[in-house]
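Novice: After the structure tokens below, expect a handful of questions from me.
No value in this document is a laboratory result; all are computed from the given coordinates. What you are looking at is a predicted structure, and each value in this text was computed from that prediction instead of being measured. Here the Cβ is made from the backbone with ideal geometry for all residues, glycine too, and neighbour counts use every protein chain on show.
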Amino acid sequence: MDYQRKLSAGKVNGTAEQQARQLLQNVQRILKPVAVRNPYAELLKIPKEVFKQRRTNVHYLAFIEVITFYKQYQRELQADPLTGECYIETTIDDIRQANELMKGILLRKSDELSGATRQYFEQLKKYLESSGERTFTNSSIRNVLRVPLSTVKRHHTALLQVGYIRQVENRYTKAYHYEVLSYEEYQQLQQRIVTTG
């Protein structure tokens, strides 16, 4: 949306965009087909928090190969003595760059919540922390966050199922309120991904 606003205000440099696009296309044109071998592949591990590890592992290894492939002119071309196949090798720096670029992806693949529910939950926690409130209702949050009631209920159902919030009964009104059980769970997950990634 920020880009759209700048475009509407005439603050986007179309010439610079076209030059960047042309540069990327030219870079793609000079790349040659070459095999990539990762001598460190057997030592690499996906964080245990990641769901669907086998699928994510394939993507992770392929991403490292792509980084190596794009650096083919910075690598010495080697030949396999048995097959004669020419290849380039992945370096530790390629793996380090892949890890840095994939942090967010690994975090999303480790989260029990969908992207929309995670975004809602983080907004909810921020609001509760800033307002000093401990409990909330569907309708109070709907009004504050300006989210349809059906969406609020869907998110609360998902959060209840994974145990991130709990339902408490107000003893005076007998109405159900909710409270967040942990405000730090996402930061803890991020920390575990960063330290194992």
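Novice: Looking at the chain as a GNM with Cα springs under 10 Å, which of 101, 44, 82 has the largest mean-square fluctuation?
Specialist: 82
Novice: Sort 106, 24 so the one with the fewest other Cβ atoms within 10 Å of its own Cβ comes first.
Specialist: On the way: 106 22, 24 10.
So the ranking, lowest neighbour count to highest, is 24, 106.
Novice: Based solely on its DSSP helices, what 222 nm [θ] is calculated for the chain when runs of n ≥ 4 H residues each add -39,500 (n - 2.57) and the sum is averaged over all residues, nearest 500 deg cm²/dmol? Intermediate results must be reported in sequence, preceding the final value.
Specialist: Details: 8 runs with 112 residues, N = 197.
Computed ellipticity for the chain at 222 nm equals -18500 deg cm²/dmol.
Novice: Separate question: Let me know the charge dipole size of the chain about its Cα centre in debye, to the nearest 20, where only the beta-carbon of Lys, Arg (+1) and Asp, Glu (-1) is charged.
Specialist: Values: 30 positive and 21 negative charges, 176 e Å.
Here the chain has a charge dipole of around 840 debye.
Novice: Any lysines with Cα under 29 Å of the residue 126 Cα? List them, leaving off those in the same chain fewer than 8 positions away.
Specialist: 6, 48, 103, 109, 153, 174
Novice: Compute the relative contact order of the chain as a whole-number percentage, counting only Cα pairs closer than 8 Å that sit 6 or more residues apart in sequence.
Specialist: RCO, the chain: 19 percent.
Novice: List, in order, the whole-Hz ³J(HN,Hα) value for each residue of segment 137-143 obtained from phi through the Karplus relation with A = 6.51, B = -1.76, C = 1.60 and θ = phi - 60°; use x for Gly and Pro.
Specialist: Here the 3J(HN,Hα) series is 10, 4, 5, 5, 6, 4, 5 Hz.
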